[in-house]
1. For residues in region B:19-41 being closer than 17 Å to B:Gly65 by Cβ and among the small types (Gly, Ala, Ser), which is nearest to the other protein chains (Cβ to nearest Cβ)?
2. Restricting to region B:215-254, give me the number of residues that are outside any strand (DSSP E or B), under 27 Å from B:Pro74 (Cβ atoms), touching a Lys or Arg at 6+ places or on another chain (Cβ under 7 Å) and hydrophobic (A, V, I, L, M, F, W, C).
3. Going through region B:21-44 one residue at a time, which ones are modelled with pLDDT of 90 or more, assigned to a loop (DSSP other than H, G, I, E, B) and out of contact with any Leu (no Cβ under 8 Å at 6 or more places or on another chain)?
4. Counting only residues that are at pLDDT 90 or above, within 12 Å of chain B (Cβ to nearest Cβ) and in contact with a Ser or Thr (Cβ under 6 Å, 6 or more places away or on another chain), which one in region A:215-242 is surrounded by the most Cβ atoms within 10 Å (Cβ to Cβ)?
5. Can you run down the residue pairs with Cβ atoms below 9 Å, 6 or more apart or on separate chains, where the first is in region A:126-153 and outside any strand (DSSP E or B) and the partner is among the aromatic types (Phe, Trp, Tyr)?
6. B:Pro150 - would you say it is modelled with pLDDT under 85 and in contact with a strand residue (DSSP E or B) (Cβ under 9 Å, 6 or more places away or on another chain)?
7. Do you know which of the residues in region B:50-97 that are hydroxyl-bearing (Ser, Thr, Tyr) and within 14 Å of chain A (Cβ to nearest Cβ) is farthest from B:Met111 (Cα to Cα)?
8. Pairs please, first residue from region B:154-168 and closer than 12 Å to B:Lys126 by Cβ, second anywhere and modelled with pLDDT under 80 and among the polar types (S, T, N, Q), Cβ atoms under 9 Å, 6+ apart in sequence or on different chains.
Protein chains: 2
Amino acid sequence: MSSEKERELKLQALRKAREQEEQARKRLSQIKYKLIVLSGKGGVGKSFITANLAAALASKGFEVGVLDADVHGPSIPKMFGVHGQAMYAGPAGLLPIVGVGGVRVVSADLMLPDEETALIWRGPLKTGFIRELLSMVAWSPLDFLLVDLPPGTGDEPLTIAQLIKDLSGAIVVTTPSDLTRIIVKKAITFCKQLNVSLLGIVNNMSHFTCPVCGTRHYIFGQAGTSRLVEETGVRVLADIPIDPRINESVENGVPFVLAYPESEASRSLLDLADKVAEILKASPRPKGETSSL
Amino acid sequence: MSSEKERELKLQALRKAREQEEQARKRLSQIKYKLIVLSGKGGVGKSFITANLAAALASKGFEVGVLDADVHGPSIPKMFGVHGQAMYAGPAGLLPIVGVGGVRVVSADLMLPDEETALIWRGPLKTGFIRELLSMVAWSPLDFLLVDLPPGTGDEPLTIAQLIKDLSGAIVVTTPSDLTRIIVKKAITFCKQLNVSLLGIVNNMSHFTCPVCGTRHYIFGQAGTSRLVEETGVRVLADIPIDPRINESVENGVPFVLAYPESEASRSLLDLADKVAEILKASPRPKGETSSL
């Protein structure tokens, strides 16, 4: 290809990206609070916390949406009982699937032909996908949009932080182990470097109470989270205990706070929703832009 | 910049990449068996399994190395008690740090100034980093190299599969929950698409036995792994139970199989090492190349 043509194609791609960004910004302006949920480390229950915080907020009368930005390991649809369904496009744009509890869900998983399909994508493809997705989704006016980020501080978090310049804040999910502490600190660094305000930490899998003998076990340790708070000064918003019924509720596709509202974990999650709503109400709406790393 | 110059720079970069690949291949030819450990999903204990499989193999007299390819969330150094140390270069190349149990460890974490530093890198940077790392490390002759991959099916797994064309096989780590099953299936798809032979599944966090009353709890469910086996036909190599002392051993930087060799989890891990060594001994050494996706 001549370098003339090459340059023309590059320019076209850039223009398209700009248009999509503009479109995404317009669509997102209908949403009052936009939060990212991240962790640095995988498997700490980030999607579980995102889904249940969303369901808890919805149960309190808010309009809530969840964007599943984990294209390699999407798990949000399953948690809302909509795994296997497909989003379709109406005249207004791509329509989120309404999950159990009334939460609007958008995920790459709702666009794949079957559950075996893996998106073996490198960074630029993922960036393009998320940008295109945000430019297309017709969320309708929402009080809260929660963005469930994949683990790490790579392409997807960077893309989201750049596309959603008026992020209301971030919630960092952790577990009490010391190993997690080190990696979660990196997520906190990420928020600071990108100027995203950190609402606080959710300490997931904090303990397990044996249902037979009542003994409380700190299965994943205890020291990590308190050290994290000491070292970073970030507050803990909630401690969520392990409950074997959590797995069951995920399998049944019903958010745990709706399936077992009286459990210790659910009470903590509902309390978390109140705290998040209060903090955001009290903080000034962001006008500034996040840094353009 | 003139397009002439641009082209020259691109060519230079390509030549450098080729040279590094060649160098990496030479260095890796000193290693008998090269295994990747992956999961698709984060937090299933992939690094824990990798580290303890390595320590178990080393305890049986093998020469073992671990490459921590999770640049965003490196946890291998901590598990071998070498977190905070720095690799340095000798005349032969970059020297791995020898961890507890005699395992040679290479990780991005052993090159960072402090534990807060996050590598906020996009894909191409990560690919370049791993390629350069593999071209520089002087492993010395090894029986086993275990590569601990980050979650997902993105840049790092692709890069490793392309750089190490004579991979001996892959181990997929999972937990018993149904949510994990779906995401781990994607890792299995990844192996199939890249022609990497799958040795089997390790079912981590299979259950928890209350040390007070002796009751066995299936904290993360039970159905996922058996469904995974049914659906994919891949065998389970080991079931590893939860043990609160695992977290303690990670904090102390001593692989669990060495700290508590008599525990149920350690016995399963030592047995896993025997199985892996047997399977590899029985299988023909790979000569073919993995596909060039």
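1. B:Ala24
2. Going through region B:215-254 one residue at a time, the tally reaches 1.
3. Just the residues of region B:21-44 that are modelled with pLDDT of 90 or more, to begin with: B:21-38.
Keeping just the survivors that are assigned to a loop (DSSP other than H, G, I, E, B) gives B:29-30.
The answer is B:Ser29, and nothing else.
4. Applying the filter and picking the extreme gives A:Pro241.
5. Taking only residues 6 or more apart or on different chains, the pairs are A:Phe129/A:Trp121; A:Thr153/A:Phe190; A:Thr153/B:Trp121.
6. Values: modelled with pLDDT under 85: yes; in contact with a strand residue (DSSP E or B) (Cβ under 9 Å, 6 or more places away or on another chain): yes.
Considered against the rule, which asks whether it is modelled with pLDDT under 85 and in contact with a strand residue (DSSP E or B) (Cβ under 9 Å, 6 or more places away or on another chain), B:Pro150 comes out as yes.
7. Initially, region B:50-97 is screened for residues hydroxyl-bearing (Ser, Thr, Tyr), giving B:50, B:59, B:75, B:88.
With within 14 Å of chain A (Cβ to nearest Cβ) added as a condition, the list becomes B:50, B:75.
Working: B:Thr50: 20, B:Ser75: 13 Å.
Across region B:50-97, the extreme among qualifying residues is B:Thr50.
8. Partner pairs satisfying both residue conditions: B:Asp155/B:Thr127; B:Glu156/B:Thr127; B:Leu158/B:Thr127; B:Thr159/B:Thr127.
The values are calculated or read from the model by the stated rules, or taken from the named source; none is laboratory data. Source: prediction; values computed, not measured. Note: ideal-geometry Cβ built from the backbone for every residue, glycine included; neighbour counts use all protein chains shown. Ligands, DNA and RNA are excluded from the accessible area calculation, which covers all protein heavy atoms including side chains. Shrake-Rupley method; radii C 1.70, N 1.55, O 1.52, S 1.80 Å.
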